[in-house]
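A.B. asks: Structure below; questions to follow.
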There are 2 protein chains.
Amino acid sequence: MIKIVVTDDHKLFRMGLAELLKKQEDFNVIATFEDGDLFLDFVTETQDFDIVLLDINMPNTDGFEVLRKLNKTKSTVKPIVISMFDDGNYIAKCAKNGAFGYLLKNADEEELIKAIKIVAQGKKYFTQAIAEKMIDFMAIDSTSKNLLSKKETEVLLLLSKGFTTKEIAAQLFVSTRTTETHRANILKKLEVKNTAQLIKKATEQKLI
Amino acid sequence: MIKIVVTDDHKLFRMGLAELLKKQEDFNVIATFEDGDLFLDFVTETQDFDIVLLDINMPNTDGFEVLRKLNKTKSTVKPIVISMFDDGNYIAKCAKNGAFGYLLKNADEEELIKAIKIVAQGKKYFTQAIAEKMIDFMAIDSTSKNLLSKKETEVLLLLSKGFTTKEIAAQLFVSTRTTETHRANILKKLEVKNTAQLIKKATEQKLI
DNA sequence: TTCTGTATCCGTATTTATACGGATAACTAA
DNA sequence: TTAGTTATCCGTATAAATACGGATACAGAA
């Protein structure tokens, strides 16, 4: 019998997931929580369960924070992240902070069950696609703090203020080509294809 | 017996929701779809169901588009939006495009069931909190609502998704020149000078 | 009704952004 | 120290965005 806890801020998702898991005879959903704090409180009381299915984007204490704290307390609970995003940055951060698995919310039931069973045995589970994203990302850089270089950060900031490449180049005392290279590298690092997407993503991730 | 269809791009959510609804004896989930297009295809074949639970943020054809098209075809199917966001703009747009209800993904099972039952009777269902958000929005933002024309709004949305002018033109069946004019007019109306500033301002104002 | 403003549509010319290729200095790990 | 990696820098060619100018259709005001 695998004992499972679900932590996700969307009640309908949480409940639906619990309902799906109930159909498995050897699964037992012992509790669900709507945010990281409540879950962490629970963990201090009991660790008598195997797996926590964890959302990343939650109010207050988010999934990253939960992973970090679980890791620090050397808990035996194995976290599987269930996220909406297949962003390399997210995946890498989760892996680094001790996640045993990473699933997308558009995964199917079978995959979820498979992941839970594998992780329950103490093994890690990342689908091919997720693993590739992570490797691609690792290839570029480690975590998002150091994702962009100093110069790139400057360029991004000026870009978001609406300056053209030429203007940015003038302000940074370099040629327009250099600025364009920086921009191109920023696009690569954030996995977007043009400035519109870049600004959108950067605001989402609060880089600007 | 209330016949229900679920449309959401996240398979786990979709399946979980279906599982929750199955527990109700008088509900029958007859189909689920992972994107707006597939659902709309289905609607052209049969309209023998009462309610569609609809996500807004989906790839390809999103929830707004589905509402618009359903409305246009004078379908008898009643849509209930289930969204992650309680943004006034979203809610108002849904209401305007014929949604019979609007629930947040952190609603609970009871509320979902209540909403479905009420909407199935042909009545509309918006919780107090949602209705308030909508009213607040209507009060402040009646100006910015009419700021952009329909076409311009479409263009802005596609722009923010990272499509190039050419791609947008193809999707809207007009020349690239027309799309560029739209873009130029959007820039003027939002008082910005290029796409980077545009996306920044639009996200700030939650136009996208 | 006519007039006026605005949404919609398109062409040409210019500016800007992006793709591609390549180089050097600084830093890092073995 | 050496080998590998990354940040920084730049050129050329192409694609895309923007400026400018202009036309039609339609709704609402005079």
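Here, each number is a calculation from the coordinates, and none is a lab measurement. Here the structure is a predicted model, which means the values were calculated and not measured. Methodologically, a virtual Cβ is constructed for each residue, glycine included, from the backbone with ideal geometry; neighbour enumeration extends over all protein chains shown.
A.B. asks: What ranking of A:GLU180, A:GLU34 emerges when the number of other C-beta atoms within 10 Å of each C-beta is taken as an exposure proxy, fewest first? Provide the component values of the computation, followed by the final result.
C.D. replies: Details: A:GLU180 15, A:GLU34 19.
Final ranking by Cβ density, sparse to dense: A:GLU180, A:GLU34.
A.B. asks: Also: Excluding B:GLY162 itself, calculate the net charge of residues whose Cβ lies under 12 Å from the Cβ of B:GLY162, where each Lys or Arg counts +1 and each Asp or Glu counts -1.
C.D. replies: Numbers: positive: A:LYS193, A:LYS200, A:LYS201, B:LYS161; negative: A:GLU191, B:GLU167.
Within the 12 Å Cβ shell, the charges total +2.
A.B. asks: Okay, next question. Under the rule of at least 5 residues apart or a separate chain, name every residue whose amide H is placed under 5 Å from the amide H of B:LEU103.
C.D. replies: B:VAL81, B:ILE82, B:SER83
A.B. asks: Computed from the mean reciprocal separation of all distinct C-alpha pairs, what Kirkwood hydrodynamic radius does segment B:148-204 have, in Å?
C.D. replies: Details: mean 1/r = 0.0906 Å⁻¹.
By the Kirkwood definition, the hydrodynamic radius is 11.0 Å.
A.B. asks: Please check: in the Gaussian network model of chain A (C-alpha springs, under 10 Å), which one of A:LEU38, A:LEU172, A:LEU70 has the largest mean-square fluctuation.
C.D. replies: A:LEU172
A.B. asks: Which whole-number percentage describes the relative contact order of chain A, with Cα contacts under 8 Å and a sequence gap of 6 or more? Don't skip to the end; give the middle numbers.
C.D. replies: Numbers: 277 pairs, mean separation 28.1, N = 208.
With pairs under 8 Å counted, the relative contact order is 13 percent.
A.B. asks: Here is the link list: A:LYS72/A:LYS161; A:LYS23/B:LYS3; B:LYS22/B:LYS151; A:LYS188/B:LYS201; B:LYS133/B:LYS188; A:LYS11/A:LYS151. Which ones come out longer than 31 Å on Cα distance?
C.D. replies: Values: A:LYS72/A:LYS161 40 Å; A:LYS23/B:LYS3 23 Å; B:LYS22/B:LYS151 41 Å; A:LYS188/B:LYS201 23 Å; B:LYS133/B:LYS188 29 Å; A:LYS11/A:LYS151 43 Å.
Exceeds cut-off: A:LYS72/A:LYS161; B:LYS22/B:LYS151; A:LYS11/A:LYS151.
A.B. asks: Distances in nm, one decimal, shortest first, from A:ASP41 to the same residue in every other copy, taking the label point 7 angstrom along Cα→Cβ.
C.D. replies: Copy-to-copy label distances at A:ASP41, shortest first: 4.7 nm.
A.B. asks: So what's Rg/Rh here for chain A, counting alpha carbon atoms and using the Kirkwood radius for Rh? Display every interim value, and only then the final one.
C.D. replies: Numbers: Rg = 20.0 Å, Rh = 18.7 Å.
With Rg and the Kirkwood Rh in hand, the quotient comes to 1.07.
A.B. asks: Please list the non-local residues whose amide H lies under 5 Å from the amide H of A:VAL174, H modeled 1.01 Å from N, same-chain partners needing a gap of 5 or more.
C.D. replies: none
A.B. asks: Over the alpha-carbon set of the protein assembly as shown, work out the extent along each principal axis and list the three values in angstrom, largest first.
C.D. replies: Here the spans come out as 65, 56, 37 Å, largest first.
A.B. asks: Compare the Cα positions of B:LEU172, B:PHE42, A:ALA169 along the charge dipole of the protein assembly as shown (+1 at Cβ of Lys, Arg; -1 at Cβ of Asp, Glu; about the Cα centre) and return the one farthest towards the positive end.
C.D. replies: A:ALA169
A.B. asks: In addition: From the residues B:THR61, B:LEU190, B:ALA120, which one has its Cα farthest along the dipole of chain B in the positive direction, the dipole being from +1 and -1 charges on Cβ of Lys/Arg and Asp/Glu about the Cα centre?
C.D. replies: Farthest towards the positive end: B:LEU190.
A.B. asks: OK, next. Rounded to the nearest 0.05, what FRET efficiency do A:ARG68 and A:LEU172 give with R0 = 41 Å and r taken as the Cβ-Cβ distance? Could you check?
C.D. replies: On the way: r = 36 Å, r/R0 = 0.87.
For R0 = 41 Å, the calculated efficiency reads 0.70.
A.B. asks: Defining the label point at 7 Å along Cα→Cβ, can you sort the distances from B:PHE85 to the same site in each other copy, shortest first, in nm?
C.D. replies: Inter-copy label distances (nm, one decimal, shortest first): 1.4.
A.B. asks: Around B:ALA115, with a cut-off of 14 angstrom between Cβ atoms, what is the net charge of the other residues, counting Lys and Arg +1 and Asp and Glu -1? Can you show the working numbers first?
C.D. replies: On the way: positive: A:LYS11, B:LYS78, B:LYS105, B:LYS114, B:LYS117, B:LYS123, B:LYS124; negative: B:ASP50, B:ASP108, B:GLU109, B:GLU110, B:GLU111.
Charge balance in the 14 Å sphere: +2.
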